[in-house]
1. Mind checking the dipole of the chain: about its Cα centre, +1 per Lys or Arg Cβ, -1 per Asp or Glu Cβ, Debye to the nearest 20?
2. Mind giving me the nanometre distance, one decimal, between the label points for Arg63 and Gln222, set 7 Å out from Cα along Cα→Cβ?
3. Just for the chain, what percent of DSSP beta bridges are antiparallel, to the closest 5?
4. According to the square roots a ≥ b ≥ c of the eigenvalues of the Cα gyration tensor, what is the shape class of the stretch 1-88, taking rounded for a/c under 1.5, prolate for a/b larger than b/c otherwise, and oblate for the remainder?
5. For the stretch 170-228, give the percent of accessible area contributed by carbon and sulfur heavy atoms, probe 1.4 Å, rounded to a whole number.
6. Given R₀ = 35 Å, what would the calculated FRET efficiency be for Asp22 paired with Phe196, taking r from the Cβ atoms and rounding to 0.05?
7. Starting from the Cα of Ala165, step 7 Å along the direction of its Cβ; do the same at Asn232; then give the gap between the two resulting points in nm.
8. Report ³J(HN,Hα) in whole Hz for each residue of the stretch 231-243, in order, from the Karplus equation J = 6.51 cos²θ - 1.76 cosθ + 1.60 where θ = phi - 60°; Gly and Pro get x.
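The values are calculated or read from the model by the stated rules, or taken from the named source; none is laboratory data. Everything numeric here is computed off the predicted structure, so don't read it as measured data. Counting neighbours? That spans all protein chains shown, and the Cβs are built from the backbone with ideal geometry, glycine included. Heads up: the accessible areas ignore ligands, DNA and RNA and are worked out on the full protein's heavy atoms, side chains in. Shrake-Rupley method; radii C 1.70, N 1.55, O 1.52, S 1.80 Å.
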Amino acid sequence: MHVVSDVHGNTEALARAGDGADALICLGDLVLFLDYADHSRGIFPDLFGVENAHRIVELRTARRFEEAHAFGRQLWTGLDRDTLIEGAVRRQYAQMFAAFPTPTYATYGNVDVPGLWPEYADRDGITVLDGQRVEIGGRVFGFVGGGLPSPMRTPYEVDVEEYAAKVEALGEVDVLCSHIPPEVPELCYDTVARRFERGSEALLAAIRRTRPRYALFGHVHQPLARRMRIGNTECVNVGHFAATGRPWVLEW
């Protein structure tokens, strides 16, 4: 199995991500809204230019989120935000879903738009799961998509209770797949953004209670710890695929 997360528009590498594998797992964040490393890439700079992209990254990095929201509202004044973003997301999804190999098992990231996925995942070989489980090669994989509420106000954030219910619905699995990490400081801290991303206490409780062999996730692009063991479970951040273009390999 090859596992990727945080694709953020890297369609070229995604098309090769399944090479040599029996299947691909994608843990979400296909959309590239704004590249924090290259402010010229993404939906935001396409609409508002690199200078404005640089400014909003500067505000967010400084954790001045209210100022960032106010700056964004000013830029969007007089524009049909929903229509423009949906059109841009559709263009990205058309390319990325076409690049998925067969078979692919995928769940949503916090910047994804689940309502659009059925249009692009409607072909043989792509299975979308969220709060659901599937058997692959004799092992049970459970998938939990999306993120929890954050100051970033990304598109697919669900409340704590709804997220916990999705985790609970999985029961015991061999491999627990999610977009966000369990709520462990070393797994949630981004060393470049210099902030803690939102992790899930429900995921951490499920790991301790059901003891899956692996817990796989992404979301934190430059984590303080890329992997650690919690009891019998190997917890692995499979990496910022947009930057590396390399899948993480799970073998058994």
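1. Numbers: 26 positive and 35 negative charges, 123 e Å.
Charge dipole, the chain, about its Cα centre: 600 debye, nearest 20.
2. Placing both labels 7 Å along Cα→Cβ, they lie 1.7 nm apart.
3. On the way: 14 of 36 bridges.
Antiparallel bridges: around 40 percent, rounded to the nearest 5.
4. Details: a/c = 2.74, a/b = 2.10, b/c = 1.30.
It comes out prolate by the Cα gyration axes.
5. On the way: 1230 of 2640 Å².
Carbon and sulfur together cover 47 percent of it.
6. On the way: r = 35 Å, r/R0 = 1.01.
Given R0 = 35 Å and the Cβ-Cβ separation, E is 0.50.
7. The two pseudo-label positions are separated by 3.0 nm.
8. Working through the residues one at a time gives x, 8, 9, 8, 9, 10, 7, 6, x, 8, 4, 4, 8 Hz.
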